[in-house]
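Take a look at the structure set out below.
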Amino acid sequence: MAGEHGRSVANNEIGVRKEGYVSRRIGAAVLALLGLLLAALPAQTQTKSAEGDKHAWWQDAVFYEVYPRSFADSNNNGIGDLNGITSKLDYLQQLGVNAIWITPCFPSPQVDFGYDVSDYESIDPMYGTLADFDKLVTEAKKHGIRVILDFVVNHTSDQHKWFINSKSSKTAEKRDWYIWRDGKAPGQPPNNWLSTFGTTAWALDPKTNQYYYHYFYPQQPDLNWRNPAVEKAMLDVTRFWYKRGVAGFRLDAVDTLYEDPNLTDDPVLAGTDKFGRPNLDEKFNKKLPEVHDAMKKLRSVADEYGAVLIGETWTANVGELRDYYGTKNDELQMPMDLLMTGFKGLHADEYRKHIAAVNAAGHWPTYVITNHDIVRSYTRYGDGTHNDDIAKMMAALYLTLRGSAIMYYGEELGMENNDPTRKEDVQDPIGRLGWPLEIGRDGERTPMQWSNGANGGFSKAKPWLPVPPSAKTHNVENEMQDPNSMLSFYRQLLALRHNEPALLDGDYIAIGNDPNLFMYVRKYNDDAILVALNMSGTAQSAKMDLSSAGFAAPRLSVLLTNTKPSGTGGELGLGPYGVLIAKVSK
Ligand code: NOJ
């Protein structure tokens, strides 16, 4: 299944012959030539991590997002479950994963597939029991894997007992746990705010004739975080799970925690959105400064348990991302850099600038290229010809940068989106509401591809979402046996990441400014690794000047590649979307 250049090579050294690599060191003449070219290419050095050598566990960790409905189905009912996850811990350990983030597995009516929680302190029977969860944590620990849960902080399900009490009367004990308001006039919501899921953000409850606010589906009423009782209850939820051995939380939709209490209308912008509604500048119901106070409180409880907080931080820029760490490093340890997922096309310059900016922000970055809400990276970056090599190239990029990394299940196989083609097949409500402009998120949530058997080996029953035809080639069973597969590439990549001091602790030193070849050195004391990535669909070569990394006459030993790298006349050459990860020595 591997692409045309899908060769993964370990422990070879780049030679100087025109074609390919040979298992000898670069000759002295070439070293001299490389030395002569020192001035030709500028290089930028980024600051060393403030943390120095003493990393917290999560800084060196590779996280892996598990969408439990789709990972492994132990009871063969077409939907994944916790025992399914437990049964795959060997696989995850061998892959090189250190922590799994499980998207919500709590009791839920499943309107938003778990992001509508009706009880924060239990497990949905569909996924198993609390005992199954405890077993998963215990077994995961034996595999060196920590468990991170997904905390839906902004809203509950409308079936949560808190909301049921809240809507029961205007004087109910928990009335103020949610955001209730009178309409502006009969039949008119309190203001112009919109739900991101395609409707107005206000639902009228006929019993009390008031509206409640919901930024997501109407079945997901927003909690009122201005009420100290809500805050306390939510902090207590985190304690409940920390005591059960959970290593941290991924915090859902943190931007949306607070709203302007005066309900000021959002400014209306030009144009309409994919649901046909006016575009709004959501300045009065998103990213309010109070969010940072809540993050600090969640952090201080996390610190009591040595836990990590990962943020779903859809920021507009690196400055906003930096703010989520907290001015005193007292908010999120791992706000996700989701900015890269929005880049259009593959342009070395754009990545070079972005990574420089993220490093310059002075904190430990967290990189992500795909998740359950966005089109899979394999599909998003793929050009239809070099998809496997592009996927390897993107993996080599974000998994060798200075920072933590969060993978998405199946990414390591080259799983692609399997989007519905008919509205009647759509499961995700936003896809039904917004069809055909918004087709929903089913495509990126299809079952994990374990084998080339029926249903990708995920379940003996018809899975809740269909597996794509590419499961026949891109699956664990096949790829395990193929040394050039995506999976083999990921396994080698993660092994390097865990074993090479330069990849764990090294400075990030950008090399050159070639528009197609993105190159950098990770350097830690005398250890150095060069990462060279061809971000284009044609063979490229560029002069290599590693002097800024302290190497006037470097020798390169290939650690991992998907191409035939060449070192000729002081130039490094890589095939289309070629990757070279090489040890640099003097
Ligand atoms: C972000 C989650 O990732 C997404 O899947 C969910 O629909 C919304 N938050 C609402 O909880």
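The values are calculated or read from the model by the stated rules, or taken from the named source; none is laboratory data. No experiment lies behind these values; they were computed from the predicted model shown. Methodologically, a virtual Cβ is constructed for each residue, glycine included, from the backbone with ideal geometry; neighbour enumeration extends over all protein chains shown. The protein model used for the area step is the full one, side chains on, heavy atoms only, and it has no ligands, DNA or RNA in it. Shrake-Rupley method; radii C 1.70, N 1.55, O 1.52, S 1.80 Å.
Miscellaneous remarks
- Antiparallel %, DSSP beta bridges [both residues in the chain], to 5: 65 percent
- Å² per residue, accessible surface of region 469-586 at 1.4 Å: 30 Å²
- Using the rule -39500 (n - 2.57) for each DSSP H run of four or more residues, divided by the residues of the chain, the 222 nm mean residue ellipticity is -7000 deg cm²/dmol.
- Using a simple spin-label model with pseudo-atoms 7 Å out from Cα toward Cβ, Arg277 and His354 lie 2.8 nm apart.
- Share of pairwise Cα separations in region 473-568, more than 18 Å, in percent: 54 percent
- When you restrict to C-alpha pairs under 8 Å that are six or more residues apart and normalise by the size of the chain, the relative contact order lands at 20 percent.
- Computed FRET value (nearest 0.05) for Asn76 with Lys243, which takes r as the C-beta separation and R₀ as 35 Å: 0.60
- Rel. contact order, % - alpha carbon contacts under 8 angstrom, at least six apart, region 176-237: 32 percent
- Pairs of alpha carbons in region 422-513 whose separation is greater than 14 Å (percent): 74 percent
- One decimal place: the segment His498-Leu269 gains 77.7 nm when fully extended, by the rule 0.36 nm per residue minus the C-alpha distance.
- Shown is the FRET efficiency for Asn227 and Thr568, computed with R0 = 60 Å from the Cβ-Cβ distance and rounded to the nearest 0.05: 0.35.
- Computed over the Cα atoms of region 393-432, pair by distinct pair, the Kirkwood hydrodynamic radius stands at 12.9 angstrom.
- Under 12 Å from the Gln481 label point (7 Å along Cα→beta-carbon), backbone N, region 53-74: none
- The C-alpha atoms of region 341-451 occupy a region whose extents along the principal axes are 47, 31, 23 Å, arranged from largest to smallest.
- When its C-alpha radius of gyration is set against 2.2 N^0.38 Å (N residues), region 265-315 gives a value of 1.67.
- Between Asp119 and Ala461, the simple spin-label model (points 7 angstrom out along Cα→Cβ) gives 2.1 nm.
- Potential lengthening between Thr421 and Thr171 on full extension [0.36 nm per residue; Cα-Cα distance subtracted]: 85.2 nm
- Under conditions of 10 °C and 1.306 mPa s, region 53-173 yields 102 µm² s⁻¹ as its translational diffusion coefficient, taking Rh as the Kirkwood radius over Cα pairs in the Stokes-Einstein equation.
- Carbon and sulfur %, accessible surface of region 188-243 computed with the full protein complex present, 1.4 Å: 57 percent
- Where a label projected 7 Å from the Cα of Gln159 along Cα→Cβ would reach, residues of region 58-94 with amide N under 20 Å: 68-70, 77-82
- For the chain, the C-alpha radius of gyration divided by 2.2 N^0.38 Å, with N the number of residues, is 1.01.
- Mean Cβ count within 10 Å, highest first, over the residues of peptides 147-160, 124-137, 498-511: 147-160, 498-511, 124-137
- Cα gyration tensor, region 509-557 - rounded (a/c under 1.5), prolate or oblate: prolate
- Projecting label points 7 angstrom from Cα along Cα→Cβ for Asn262 and Asn317 puts them 2.6 nm apart.
- Charge tally for Phe151 (other residues, Cβ to Cβ under 14 Å; Lys, Arg +1; Asp, Glu -1): -3.
- Here the calculated FRET efficiency for Thr138 and Ala185, from their Cβ-Cβ distance with R0 = 45 Å, stands at 0.20, rounded to the nearest 0.05.
- ³J(HN,Hα), Karplus 6.51/-1.76/1.60, whole Hz, each residue of region 54-62, x for Gly, Pro: 8, 7, 6, 4, 6, 6, 8, 8, 9
- Ranking Asn513, Leu298, Asn83 by how far each Cα lies toward the positive end of the dipole of the chain (charges on Cβ) leaves Asn513 at the top.
- Unit charges at the beta carbon, dipole of the chain: most positive-side option, Val237, Ala185, Asn525: Asn525
- Taking amide H as placed 1.01 Å from N in the peptide plane, the amide H of Glu65 sits under 5 Å from that of Trp101, Met407, Tyr408, Tyr409, each at least 5 places away or on another chain.
- Ordering 215-226, 540-551 by mean Cβ neighbour count within 10 Å, with the highest value first, yields 215-226, 540-551.
- Compactness of region 260-382, taken as the C-alpha radius of gyration over 2.2 N^0.38 Å, stands at 1.23.
- Taking the accessible area of region 145-187, probe 1.4 Å, and keeping the other protein chains in place, the carbon and sulfur fraction comes to 47%.
- The value of relative contact order for region 300-348, using C-alpha pairs under 8 Å at least six residues apart, is 38 percent.
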